[in-house]
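Enquirer: Attaching a single structure in structure tokens format; questions to follow.
What follows draws every value from the coordinates through simple rules; no lab data is involved. As the structure is a computational prediction, the values presented were derived from the model and not from experiment. When we count neighbours, we look across all protein chains shown, and the Cβ atoms used for this are built from the backbone with ideal geometry, even at glycine.
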Amino acid sequence: MPPVIAPYDALLLVSFGGPERPEDVVPFLENVTRGRGIPRERLEEVGEHYFQFGGRSPINDQNRELLAAIEEDLRSSGIDVPVYWGNRNWDPYLADTIRRMRDDGVQRAAAIVTSAYSSYSGCRQYRENLADAVAEVAADGNGEAPRIDRLRHYFNHPGFVEPMVDATLSALADLPDALRHDAHVLFVTHSIPTAMDDRSGPPVLGGGFYVRQHRSVMDEIVERVRQETGHRYAAELVYCSRSGPPHVPWLEPDVNDRMEELKRAGVRAVVLVPIGFVSDHMEVVYDLDTEAAATAEKLDLAFARAATAGVDPRFVRMVRDLLVERAAVERGVEAERASVGSLPPSHDVCPAGCCANLRGPRPALCGKD
Ligand SMILES: CC1=C(CCC(=O)O)c2cc3nc(cc4[nH]c(cc5[nH]c(cc1n2)c(C)c5CCC(=O)O)c(CCC(=O)O)c4C)C(CCC(=O)O)=C3C
Ligand SMILES: [Fe+2]
């Protein structure tokens, strides 16, 4: 293994997964919602979103592209390490990938998750799925599964934030000149139950990290846009993709509801910046580009949507930087930990109780519990 990444001999890209054919849609939704208490009507509605796009989510192709870009970036930096990809909810499943890693002789891998923030859905659930996958592979009796460490949350890494600043600037530039100055910038992320937000992040730090982390990213982007344009745009955090039963409170306001209110208050243009997502997957192409765009059209609001990080070279390079950084930490060497904004760089190993599973404890990797 190349010395800069010792003790790691592989990198594992961990993602959500999505359907690729109409026949995949229902089994995929069953995988995602097993035991999660999602009402049937909501499932049918979300199934329709996928069918409108031919039964194919863009997420797997985006991960294939990201995987290729990471491989190329590592190779061109002289870091010759195999990169694997596995999903929580669809093929290639984590257990199959980890089995292949074991068969290839991988002993210790670093994992990068395509989710930038702390929350049960965005962090611990992936760690639980990794634990299940490793247990499944160990049960084969064909030797030990590789040890897996998760690279730290990168919501405040410059490699994630800087592409979003540029994306915000170019979305603003897309608005009609006469409306730009008074546009409202709506930073959008996935809604989660408020109880899940309350328990997000390390309990000793008071929870509520999902929202706190998003606010710090929003504030940093607003400030950098001000430095570039000389104007501090009106900005706020809004949510999309609410699910669950109606009596369970989720984070609000919904992006569509907020656009209605802003219109009534005289606002004429909005920019949506999807800081909650790292690529243009279904939440972005349906909930924002289809549904929210239709709301804007109905309200006669000028509308632009900022790009996600995708395969921006800075985002791809960030993966290398986080790998090299964590490898140094594991060797006991001082490492530079890049971050921007008001929150410090996130922890390497999740503390006990971090992003608690509200349904009770389950085995999870990459944490103190
Ligand atoms: C915080 C968060 C992220 C961001 C972090 C990350 O990226 O992980 C995220 C990403 C994603 N969510 C996705 C898809 C779905 N999420 C669902 C349901 C849920 N998501 C939740 C939260 C999040 N989700 C929650 C609290 C639920 C309720 C059920 C539960 O408590 O678990 C459902 C079921 C239907 C519904 O309930 O809406 C689907 C189909 C896809 C794939 C998109 C594609 O196919 O392109 C991606 C990337
Ligand atoms: Fe989701």
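Enquirer: Roughly how tilted is helix 125-138, in degrees to the nearest 10 and between 0 and 90, from the longest Cα axis of the chain?
Expert: Its long axis makes an angle of about 20 degrees.
Enquirer: Quick one: Cα convex hull volume of the chain, Å³ per residue?
Expert: Looking at the chain, the number lands at 143 Å³ per residue.
Enquirer: So for the chain, averaging the separation of alpha carbon pairs under 8 Å that are six or more residues apart and normalising by length, what relative contact order in percent results?
Expert: 24
Enquirer: Relative contact order for region 158-305: what is it in percent, counting Cα pairs under 8 Å that are at least 6 residues apart?
Expert: 34
Enquirer: Quick one: which residues, 5 or more positions from F303 or on another chain, have an amide H under 5 Å from its amide H? H modelled 1.01 Å from N in the peptide plane, none for Pro or chain starts.
Expert: For F303, whose amide H was placed from the backbone, the distant partners under 5 Å are V270.
Enquirer: Take the alpha carbon gyration tensor of region 29-145, find the square roots of its eigenvalues, order them as a ≥ b ≥ c, and report rounded if a/c is under 1.5; if not, report prolate when a/b exceeds b/c, else oblate.
Expert: Oblate shape, in that a/c is at least 1.5 and b/c is the bigger or equal ratio.
Enquirer: I've got another one for you. Quick one: compute a quarter of the convex hull surface over the Cα atoms of region 214-369 and quote it in nm².
Expert: Dividing the Cα hull surface by four gives the mean projection, 12.6 nm².
Enquirer: When every alpha-carbon pair in region 158-305 is counted, what percent end up more than 20 Å apart?
Expert: Tail of the P(r) past 20 Å holds 48 percent of the pairs.
Enquirer: Taking only Cα atoms, what is the 0 to 90° angle, nearest 10, from helix 313-331's long axis to the longest principal axis of the chain?
Expert: 40
Enquirer: Then there is this: What angle, in degrees between 0 and 90 and rounded to the nearest 10, separates the Cα long axis of helix 22-33 from the longest principal axis of the Cα atoms of the chain?
Expert: Taking the Cα atoms of the chain, the angle to 22-33 is about 80 degrees.
Enquirer: Net charge around V137, counting only other residues with Cβ within less than 13 Å of its Cβ (Lys, Arg = +1; Asp, Glu = -1)?
Expert: Overall, the nearby charge balance is -3.
Enquirer: Based on Cβ point charges of +1 for Lys and Arg and -1 for Asp and Glu, what charge dipole magnitude is obtained for region 158-305 about its Cα centre, in debye rounded to the nearest 20?
Expert: Working: 14 positive and 24 negative charges, 64 e Å.
So the dipole magnitude of region 158-305 works out to roughly 300 debye.
Enquirer: Let me ask something else. Could you tally the net charge around R232, taking each other residue with its Cβ under 15 Å from the Cβ of R232, Lys/Arg +1 and Asp/Glu -1? Intermediate values should be presented prior to the final figure.
Expert: Numbers: positive: R180, R224, R226; negative: D182, D219, E220, E223, E228, E236.
Local charge sum for R232: -3.
Enquirer: A further question on this structure: Treat the count of other C-beta atoms within 10 Å as a stand-in for reagent exposure and order I59, I112 from fewest to most.
Expert: Ordered by Cβ neighbours within 10 Å, fewest first: I112, I59.
Enquirer: Under a 5 Å amide H to amide H cut-off, with H placed in plane at 1.01 Å, what residues pair with A234 once short-range neighbours are removed?
Expert: Result for A234 returns V185.
Enquirer: Under a point-charge model restricted to the Cβ atoms of Lys and Arg (+1) and Asp and Glu (-1), what is the dipole moment magnitude of the chain relative to its Cα centre, in debye to the nearest 20?
Expert: Approximately 900 debye in magnitude.
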